[in-house]
Amino acid sequence: MSAAPVPRTLHAALYSALLRALAPAYCARLWWRGRSEPLYRHALGERFGRYRGAATAGALWIHAVSLGETHAAAALIDALRSLRPGLRLLLTHGTATGREAGGALLREHDAQAWLPYDTPGAVSAFLDHWRPALGVLMETEVWPNLLPLAKAHGVPLLLANARLSEKSRRRGLRLGALLRPAVAALDGVLAQSEADAGRLRSLGAPAVSVMGNLKFDVTPDAALLARGAAWAHAGVRAVVLGAVMREGEEQALLAAWARALPLSTRPRLWLVPRHPQRFDEVAVAVERAGFTLSRRSQWPAGLPDAAACEADVWLGDSMGEMPAYYAAARVALLGGSFEPLGGHNLIEAAACACPLVMGPHTFNFADAAELSLAAGASARVGGMEQGVALALALAADPATQAVMSARAREFAAAHRGAAKRMAHAVLELLDARGEAARHAALDPAAAQAR
């Protein structure tokens, strides 16, 4: 059945025209990123709604744009499958890291694809090809064409594990003419916190409920934790981790590290950049700062060799090993929080019992950051210089570090349960959708109206 027409506003038309004009630049960017992450060059046609082969309608569609959202989706998927073992999934992503991690979640009869560029033609082609029964968008994925078009195609949408910073709320209000129709097209919002719920309601989100944060339900892989412990033992020296660092933060960290204690008495610094395409760039920065370097990807048999054990700095240039990095560290500096970038997922560190030192910018995870501070699992500082000083003090104080480690583990455990709550909400809407479809099939007048 063809979808109902979508009312077009001037703002939506201008937005779509701009996206079409930028499509060549979008393709060029994907191809450029594919130099270091080849998956970006895979199935480029899907980015514009061109999908190969036939698709069976009726899957539960979950969109997890990148790695963090995919990890959160994994907890939801586990809960959904425990309640409905035969559930068939369609996973979509926007980044190579998200798609790679999502591939490990697939079972027989599941499917995986890129979510297309947000033009009306590409989105309509996606919806016509896959014909999902219900869509679950993770965290912040509100797109001006996707949401109204899904509604027009009869695909209910939930925004799950939803969060919205105050900065994003203000930006959303400025773009209200474009974003409000998209937000209003949602069938429900499952928010992380009361604060997130309030901000989402202010943008017109319907049926908002507070469910907690899925990332508390992500359990670190025991084999990775053991790998990290083995690294720490083999490396001998204590490790301070620069976790998921962003551009500009590594340079500030290296400069502060150079001004710290004499090199002979310092712990080892382990840098893990947020984006894999920056691994080589960060390696050059370490050597230019005058430090000796060992790269995780070059360790024979996966363990640091003698040369690695002599290096001042280790570079975490592997994917999927973040729990191992946290397990190897005495303390971690949280990337994204020392520049005005909003911080990154701090719950993973807590689940791995790694104390955190955060900078002043954690607005993307404001609720979790405040809970972590209140629990004594982390500390906040005003900048990188103070962060390095505190991290060094904790690394040199095993008793205090052990207390914070225990509090981090307790903090992570205390807030679990969001996955089961969200799974019930998803299945309730999915079942209601199926019931409505059955009634429409039995009632020709209802089907015609639909």
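The values are calculated or read from the model by the stated rules, or taken from the named source; none is laboratory data. Computed from a prediction, not measured in an experiment: that's the story for all the values here. Ideal geometry is used to build each Cβ from the backbone, glycine not excepted, and the neighbour counts take in all protein chains shown. In case anyone asks, the SASA skips ligands and DNA or RNA and just uses the protein heavy atoms, side chains included. Shrake-Rupley method; radii C 1.70, N 1.55, O 1.52, S 1.80 Å.
The share of accessible area on region 1-122 that comes from carbon and sulfur is 61 percent, using a 1.4 angstrom probe. Accessible surface calculations at 1.4 Å, restricted to protein heavy atoms, place the chain at 43 Å² per residue.
Simple point charges give the picture: +1 on the Cβ of Lys and Arg, -1 on the Cβ of Asp and Glu, and for the chain a dipole about the Cα centre of about 840 debye.
Going by alpha carbons, how many degrees (0 to 90, nearest 10) lie between the helix axis of 279-288 and the longest principal axis of the chain? Relative to the chain, helix 279-288 is tipped by roughly 20 degrees. Magnitude of the Cβ-charge dipole of region 241-285, K/R +1 and D/E -1, about the Cα centre, nearest 20 debye? I would put it at about 200 debye. Using a probe radius of 1.4 angstrom, the carbon and sulfur fraction of the accessible surface of region 157-243 is 59%.
Rounded to the nearest 10 degrees, the inclination of helix 384-395 to the longest alpha-carbon principal axis of the chain is 70 degrees. The loop-placed trypsin sites (Lys or Arg not before Pro) in region 167-263, going by DSSP, that have at most 10 neighbouring Cβ atoms within 10 Å of their Cβ come out as Arg259.
Quick note on region 288-391: its Rg to Rh ratio, both from C-alpha atoms and Rh being the Kirkwood radius, is 1.01.
Between helix 67-83 and the chain there is an angle of about 60 degrees, using the helix long axis and the longest principal axis of the Cα atoms.
Listed by chain and number, the lysines placed with their C-alpha closer than 27 angstrom to that of Lys151 are Lys420; residues fewer than eight positions away on the same chain are left out.
Looking at the chain, identify the longest residue range that excludes and avoids all GluC sites (Glu not before Pro) in DSSP loops having at most 15 other Cβ atoms within 10 Å. In short, 248-450. A cut-off of 5 Å between modelled amide H atoms, ignoring neighbours fewer than 5 places along the same chain, links Gly58 with Ala133.
Assign one of three labels to region 393-437, namely rounded, prolate or oblate, based on the Cα gyration tensor with a ≥ b ≥ c the square roots of its eigenvalues; rounded applies when a/c is under 1.5, prolate when it is not and a/b is larger than b/c, and oblate otherwise. Here region 393-437 falls in the prolate category.
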